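Notes follow once the structure below has been shown.
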Amino acid sequence: MSRGWRISLFAAVLMMAGGTVCVAADSPPRVVASIKPIHALVAGVMRGVAAPELLLDDQQSPHHFALKPSQARLLQQADMVFWVDQSLETPMAKLLSNLAPQAQNIRLMAQAEWVLHENAIMDEHHYDDADHADHADHADHAAMNPHIWLDLDNARRLVQVIAAQLSASDPAHAEIFASNAAELDKRLADLHAAAKQQIAAVRGSKFIVQHDAFIYIERQFDLSRGLVIAVDHDTPPGTAHLQTLRNIVASGAVSCVFDEPQGNAHQIDIVAGEVAVRRAKLDAIGVNRPAGPELYFDMMRANYAAFVACLGGAS
């Protein structure tokens, strides 16, 4: 990578950071990231400078959580906190106000223009047949889905935003952040190209997902829209909704039912019924994976492989 390219990227990310307040130039900021995928991207940008702290562990739902004393201390000591949005980490705004009023509060969904999709509409009409329609005409009924990192174009933009914020707060290490960001951008572009080729063979196959996170993968790679058991893990589906999905599976219209590490296995069993439908796991946040800069890439490769194997007929 040429020095000219690094300087060009550095200038771009500094422009994106706007009026961000700087911490002491001779020491890197103390950085906290809310969930593993965001933490992984922050860690990748900070590689060689410092390691960010991860706030939430695998046992905590981003939607509803209470902090342990050690986690509260992370916020109290933070200079910068990266998180997604109150539609994902519901308690975060209040926690930051109470515990970290001194920290830069970087709510990522407010930082840039993102590829955004709406949550599924959980009603009977949505599941009248397995060829369910797109919901672009239902903006007044559906909220935007906050799982933005599952789209690789969004991940590339996240890296830019993270580098911009870090560079403005820690100018002494800005060239390292810019170089790391450029390397991550190339890796994400390469991952996109490989996944596009890998997934092409299973477009058109119908499937069911545990909760409505994976629309970002579905849309990016022109997969069918997954039928959704629940909008999120904390909102249980009704009995009638589960029966509707069970009937669709029994009709033979579905190739695969996807569970998740934090999902509800009983709901999957109800939906699958007595049919020998294929099953696999998808993971939106890196459960049981070691936190660090490689988590994002490992998690996304595993998700793409799960789609290909299960929709393509592998057991």
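Things to note:
- Accessible area in square angstrom per residue, the stretch 156-290, 1.4 angstrom probe: 39 Å²
- FRET efficiency for SER97 and ALA189, using Cβ-Cβ distance with R0 set to 30 Å, rounded to 0.05: 0.20
- Accessible area of the stretch 164-315 belonging to carbon and sulfur atoms, whole % at 1.4 Å probe: 51 percent
- Around SER169: net Lys/Arg minus Asp/Glu count, Cβ-Cβ under 11 Å: -1
- For the stretch 235-276: relative contact order, % (alpha-carbon pairs under 8 angstrom, 6 or more apart): 52 percent
- A cut-off of 5 Å between modelled amide H atoms, ignoring neighbours fewer than 5 places along the same chain, links SER255 with LYS206, PHE207.
- Calculated P(r) of the stretch 46-113 - Cα pairs past 16 Å, %: 48 percent
- The stretch 209-259 shape via C-alpha gyration tensor axes, a/c threshold 1.5: oblate
- The distance separating the Cα centre of the stretch 232-265 from that of the stretch 277-310 comes to 19 Å.
- Annotation: amide H of VAL287 has no partner in the under-5 Å range at sequence separation 5 or more or interchain, hydrogens built in the peptide plane.
- Tensor-based shape of the stretch 155-231 (alpha-carbon gyration tensor, a/c under 1.5 rounded, otherwise prolate or oblate): oblate
- Centre separation in Å (Cα based) which lies between the stretch 150-179 and the stretch 53-69: 24 Å
- Flagged links, alpha-carbon separation over 26 Å, of LYS94/LYS186; LYS94/LYS281; LYS68/LYS281; LYS36/LYS196: LYS94/LYS186; LYS94/LYS281; LYS68/LYS281
- Three-way shape call for the stretch 25-82 based on the alpha-carbon gyration tensor, with the a/c threshold at 1.5: oblate
The values are calculated or read from the model by the stated rules, or taken from the named source; none is laboratory data. None of these values were measured; they are calculated from a predicted model. Don't worry about glycine lacking a Cβ; one is built from the backbone with ideal geometry, like all the others, and counts go over all protein chains shown. Side chains included, ligands, DNA and RNA excluded: accessible areas come from the protein's heavy atoms. Shrake-Rupley method; radii C 1.70, N 1.55, O 1.52, S 1.80 Å.
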